[in-house]
Amino acid sequence: MQDLDFGDAVGHGSAGPLDISRLPEPEWGPVDEAYRRALGETRVAWSPDLNSADATGAGPIPMAIRGDRRVSANDAFLRAHGLDAPHVAPRSQQLRPQPHGHRHRLAGHGDARAQGESIMTRHAVEASSVRGFALHAGQGLQEVWLPWHQGNRIAIKASGEATEGRSAIVEFLDRRGSSPPLHAHHNADEAFYVIEGEVELVCDGRRLKANGGDFVFVPRGHAHSYLVRSDQARLLAVYTAPGMDRFFVDNGPAIVGDQGPPPATDPDPEALAATAARYDFEILGPPLTLGSGGAPGTRPGPPRPAPGG
């Protein structure tokens, strides 16, 4: 590794495939300068070279750089040795700018009082290869009708394909009395954000009332359902793993122009249970009803442990 600032000092590198440097003081922003002043006022030692064997206190952290950008050490090393090697497959070539910033890390250095280290950098960090996108209100990457409740709309805000399998986000526009069967997801936590309306959620037998602006988190493996008690409700559901987005798209008729919803159909319980298994969730009971007081008609089922847990 080649230290561009202190390469000739003891214990520092003066040659190698990785270049490291620190943000020069003339290039500091107002936050950097204020932080340096605060360190002086609190009598925290300042060290311009934290790689030095006798360094204490706080100072700029050396960063692996390429040109005027910060990169990971792995990336800098691989590029120096040729990314076109057949056994190397980088996920992303994209970079995004990063403003001045600080991060504190407990150092200690043999002192009973932990000292703060500061990172000051104008370089960039590696970005995901996922492409960003925007959708208008009510719009989805795909939009379908929920076949078991006439007039209920589903908009896929972010699919597994769009997030490279990391998550899925679905918006529901449901009518009064709508409720999915009591169920549990095996591979994903689910978070509900109520945009508008009044909804009653049940999780492991507990009743939770939620109105516009309220948030409910349901861990994977926990039996849950919800019931719309207002004339309509709009909810956003966030899944920490995809699957439910495909379930809705594969089983719901696509919304086409101004065409109205198809007639509602009653799902066959056995067929629905078999379908659910293909999308990593399990039907544990019937839907909630307005006359049930929000309580499911069957036992909620024991929590299912997370995979590997």
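Quick look at the values:
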item	result
Point-to-point label distance, residue 27-residue 240, nm (Cα→Cβ direction, 7 Å offset)	3.9
Pairwise label distance in nanometres, residue 176 with residue 209, each label 7 Å out on the Cα-Cβ vector	1.6
HN-Hα J in Hz across region 222-233 - Karplus 6.51, -1.76, 1.60, θ = phi - 60°, x for Gly and Pro	9, 5, 7, 6, 8, 9, 7, 9, 8, 4, 7, 8
Most to least packed among 133-139, 250-256, 20-26, 145-151 [average Cβ atoms within 10 Å]	145-151, 20-26, 250-256, 133-139
Positive-end residue, region 142-292 charge dipole about Cα centroid, Cβ charges, pick of 240, 146, 202	202
Vicinal HN-Hα couplings computed from phi for region 236-247 (Karplus, 6.51 cos²θ - 1.76 cosθ + 1.60; Hz; Gly/Pro x)	10, 10, 10, 10, 7, 8, x, x, 5, 4, 5, 4
Nitroxide proxy distance, nm - points 7 Å out along Cα→Cβ at residue 264 and residue 137	2.7
Residue 289 long-range amide H proximity, modeled H, under 5 Å	294
For residue 190, distant residues with modelled amide H under 5 Å away	218, 220
Residue-wise HN-Hα coupling along region 42-54, computed from phi with Karplus coefficients 6.51, -1.76, 1.60 (Hz; x: Gly, Pro)	9, 6, 8, 4, 9, 10, x, 10, 6, 7, 5, 5, 9
Order by protection proxy (mean Cβ within 10 Å, highest first), peptides 261-267, 197-203, 4-10	197-203, 4-10, 261-267
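Values in this text are rule-based calculations from the coordinates and carry no lab data. For clarity, every value in this text was computed on a predicted model and none was experimentally measured. As a convention, Cβ positions derive from the backbone with ideal geometry for all residues, glycine included, and neighbour counts pool all protein chains shown.
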